[in-house]
Amino acid sequence: MDKPHLLFLAHRIPYPPNKGDKIRSFNLLKHLAGHYRIHLGCFVDDPADWHYQDDITAYCEDAFLHALNPRLAKLKSLRGLLTGQALTEPYYADARMAEWVHRTLDRGDMDRVLVFSSAMAQYLRPEDYARRHVVVDFVDVDSDKWRQYAPTHRFPMRPLYLRESRKLLAFERQISARATAGVFVSHEEAELFRQLSPETARTTHAIDNGVDVDYFSPEQGYPSPYIAGDRHLVFTGAMDYWANVDAVRWFAETIFPGIYEQCPKARFTIVGARPSPEVTRLGEIEGVHVTGAVKDVRPYLAYAAAAVAPLRIARGVQNKVLEAMAMARPVIATPQAMDGLRVCEDVDPLVGETPEALQALAVAALTGEIPDDTGARNRACVCRHYSWAEHMGRFVDLLESERPGDEGNGGHHA
């Protein structure tokens, strides 16, 4: 029997899977392609990603990839101040995308829709929800991220961020009320949204991220990227993302100098594409190295004494944490970075909230004062609990539920 059709909308091309949202969206699309004939509509906001067009369209029956210029989109987003919308909506609004989506939906055989990121739900008309199973993967409660950003900024950004939080929450609640199901990346994130949108609590679900434990494996032979004798703490992530920028600045400027004083062989290596000017300047600090984009992050993890995730603003399960754990590395993190991570009986998290606590944990990892099997227990945990296939399969359950809004996903609402 032919596979049914599915419209998959994403705010960013789901390839390459090299940053948080792309890792989740790619693995979701890849899994759904085994069950559906995928019609993909997405934006390309990095010109380099056009090189991967064939890689992603190989999973699709039809695809509409459309360029998005972030600088122009920011200007366009200001229209929301006049219309009363969240700025996120006009940022991603596009007439050609709307035309393609509506033409695809009007074919008559598009009974299922997967929306990845709430901004893409603006392309669905009210009547499109009534006739179809529509599952929205919000991933995080984005409106609450803007609320968190506000206190760390001054006028005029602080009131602008608070406005975005209010307007975006109203949009998220509207979408959730219309959709078959709304999905979030962790139980904590889902529970937060249930509190903010109690009217949609019954159709709000949590589906964890996963990690490819065969790819992120310490058993493969990697060449060391480090100078022999140095002891490295490594941070991995997209280095133009504000939360990552804040994390590495805080660690490099406030925490690492004390570590370096106690351990002169200590190095803090920041690995990730598109480092902002603030991140690049951190390389001027003694013992800090900023790599920029690298072909493969695994060697940097494999030969590190520990991975660090000093995130002060974070939501859901962090891919950087799962990948480091899969590579059998100790992970030193803030409580925010570990939010949503399942508790494993054999894992004793190295979590600190203050600079002093994180510094003490880092020195312990660099000097061999943490248990030798810490990394091995981390890997065992993710192998046991973070299978992509298992987690992504629950999206199929939601898309195939007998009627919109029922609890045919096994009652997994906690």
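A few remarks follow.
- Hits in the stretch 198-224 - residues which are assigned to a loop (DSSP other than H, G, I, E, B) and within 18 Å of the chain's Cα centre (by Cα): 207, 208, 209, 210, 211, 212, 213, 216
- Of residues in the stretch 127-182 being of a type in the set (S, T, N, Q) and within 26 Å of residue 29 (Cα to Cα), the one most open to solvent (accessible area, probe 1.4 Å): 174
- First in the stretch 184-204 and under 17 Å from residue 339 (Cβ atoms) and open to solvent by 10 Å² or more (accessible area, probe 1.4 Å), second anywhere and of a type outside the set (Phe, Trp, Tyr) and in a helix (DSSP H, G or I), Cβ under 7 Å, 6 or more apart: 192/144; 194/201; 196/169
- Set 94, 62: member being over 25 Å from the mean Cα position of the chain (by Cα), of a type outside the set (Val, Ile, Thr) and more than 19 Å from residue 167 (Cβ to Cβ): 62
- Candidates 136, 115, filtered to the one that is in a strand (DSSP E or B), within 28 Å of residue 200 (Cα to Cα), within 27 Å of the chain's Cα centre (by Cα) and without any contact (Cβ under 8 Å) to a residue 60 or more places away in the chain: 136
- Residues satisfying the stated conditions in the stretch 23-46, i.e. over 28 Å from residue 71 (Cα atoms) and of a type in the set (Lys, Arg): 30, 37
- Matching option when the condition is in a helix (DSSP H, G or I), aliphatic (A, V, I, L, M), in contact with a Leu (Cβ under 6 Å, 6 or more places away or on another chain) and open to solvent by less than 70 Å² (accessible area, probe 1.4 Å), among 110, 97, 120: 120
- Wholly within the stretch 1-91, helices (runs of 4 or more DSSP H) carrying at least 2 residues that are open to solvent by less than 30 Å² (accessible area, probe 1.4 Å): 20-32, 70-77
The values are calculated or read from the model by the stated rules, or taken from the named source; none is laboratory data. As the structure is a computational prediction, the values presented were derived from the model and not from experiment. Glycine gets a Cβ as well: all are built from the backbone with ideal geometry, and neighbour counts include every protein chain shown. In case anyone asks, the SASA skips ligands and DNA or RNA and just uses the protein heavy atoms, side chains included. Shrake-Rupley method; radii C 1.70, N 1.55, O 1.52, S 1.80 Å.
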